[in-house]
1. Determine, for V90, V76, the number of other Cβ atoms within 10 Å of each Cβ, and report the residues in order from fewest to most.
2. For the range 9-87, report the translational diffusion coefficient in µm²/s to the nearest whole number, using Stokes-Einstein at 25 °C, 0.890 mPa s, and a Kirkwood Rh over Cα pairs.
Amino acid sequence: MSSNNWHSGKTQIFWTCKALIDGRTISHKTEIREVRGWRLGSIIHRLKAELHWPILVEYRGPDNIAHYWLSKDAIVSELRFPQSAKALGVKGDAAQ
C-alpha cells in the first residue's frame, strides 16, 4: 500500500493510530475537535481492511455516532502501521 493512496491528512492518520494504541475511544466529533479532521471513518476503514487492525465500533445516541477503539486483545508490536504513523510502531516511540 502506498501512502499516496490515503486521502486523509498525515496528521489525522497519525492522530488516529496514536489515539487507538493509547487505548482511547474516539469518534468523528473527537477528531474534529483535536485535529480538525473529517475523514475518521475512512481512516478506520483503511486500518481495518488493509492493515487488519482489530478495531471495534459502537454506534451511540440518537444520531448513531460511531465510536471506535482498539480491541484489548490487540498486540501493538504486531500491528502494521501506515507510512505516516510508522514511528508509533517503533518500540519506545508510542509513548511520545
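1. V90, V76
2. Estimated via Stokes-Einstein, D reaches 195 µm²/s.
Values quoted throughout were computed directly from the atomic coordinates according to the rules given, and no laboratory measurement underlies them. Because the structure is a prediction, the values reported are computed rather than measured. Glycine gets a Cβ as well: all are built from the backbone with ideal geometry, and neighbour counts include every protein chain shown.
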